[in-house]
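Scroll down for the structure; my scribbles are underneath it.
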Amino acid sequence: MQPLWAPWRMEYILETKDQPLEGCLFCSLPRAQADRDSLILWRGRRAFVILNKFPYNPGHLMVVPYTHAAQFDGLVPDELTDLMLGLRWAVGCLRRAMNPDGYNVGINLGRTAGAGIPDHLHYHVVPRWDGDHNFMPVIAETKVIPQHLFRTYDQLAPFFQEVERGQPA
């Protein structure tokens, strides 16, 4: 048997069990003003796009409203509009930068539904490629991520900068 080294997983394991979050991650990261370190790719007026620190696939993004709300009814219409525009731009930027064959787009409302941060709703956008399924998740409960997060960030960032300049994704 060949070992599979995934040292980044230990950070996730320890962070989720031994280090409970103080405050909301989606509220504190934008305030840090360190977008690359925080993995924030794009900031809109009412929503932002961030890479998932523990992705299912390279390019796994989240589209997040700035407003701390657990449910859609906690957002005003302009925030809902910007959330959907951010989602559209996220898919467009992924398409141009990474050329996936498809996407999983979804939202988990509440811990029971699978939300890791249930008090601040957010959309997940996971790019998918033909052939990206393999035996690892089934046999070893492991997902192989073939690209480092900062490499993914650097690959996607120019496309989100175009969105900021008003060029369509």
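Quick one: count up the residues across the stretch 92-104 that are crowded, with 18+ Cβ neighbours inside 10 Å and part of a helix (DSSP H, G or I).
Result for the stretch 92-104: 3.
Residues of the stretch 26-72 being surrounded by 20 or more Cβ atoms within 10 Å (Cβ to Cβ) and among the charged types (D, E, K, R), which ones?
Of everything in the stretch 26-72, nothing turns out to be surrounded by 20 or more Cβ atoms within 10 Å (Cβ to Cβ) and among the charged types (D, E, K, R).
With respect to residue 36, is the statement that it is over 14 Å from the mean Cα position of the chain (by Cα) and in a helix (DSSP H, G or I) true?
Against the criterion (over 14 Å from the mean Cα position of the chain (by Cα) and in a helix (DSSP H, G or I)), residue 36 does not qualify.
Please verify whether residue 109 is over 23 Å from residue 23 (Cα atoms), aliphatic (A, V, I, L, M) and either surrounded by fewer than 16 Cβ atoms within 10 Å (Cβ to Cβ) or touching a residue at least 24 places away in the same chain (Cβ under 8 Å) (or both), treating the condition exactly as stated.
So residue 109 fails the test.
Check off (1) loosely packed, with under 14 Cβ neighbours inside 10 Å; (2) farther than 18 Å from residue 91 by Cα; (3) modelled with pLDDT of 90 or more for residue 158 and give me the number that stays unchecked.
Against the list (1) loosely packed, with under 14 Cβ neighbours inside 10 Å; (2) farther than 18 Å from residue 91 by Cα; (3) modelled with pLDDT of 90 or more, residue 158 comes up short only on (2).
Mind checking which residues of the stretch 81-106 are free of Cβ contacts under 8 Å to residues at least 24 places away in the same chain and among the hydrophobic types (A, V, I, L, M, F, W, C)?
Within the stretch 81-106, 84, 105 qualify.
Which one of 92, 74, 102, 59 is within 22 Å of residue 38 (Cα to Cα) and over 12 Å from the mean Cα position of the chain (by Cα)?
Criteria check complete, one pass: 92.
Of the numbered conditions (1) out of contact with any Phe, Trp or Tyr (no Cβ under 7 Å at 6 or more places or on another chain); (2) within 15 Å of residue 123 (Cα to Cα), residue 46 fails exactly one; give the number of that condition.
Of the numbered conditions (1) out of contact with any Phe, Trp or Tyr (no Cβ under 7 Å at 6 or more places or on another chain); (2) within 15 Å of residue 123 (Cα to Cα), the odd one out for residue 46 is (1).
The values are calculated or read from the model by the stated rules, or taken from the named source; none is laboratory data. Because the structure is a prediction, the values reported are computed rather than measured. Counting neighbours? That spans all protein chains shown, and the Cβs are built from the backbone with ideal geometry, glycine included.
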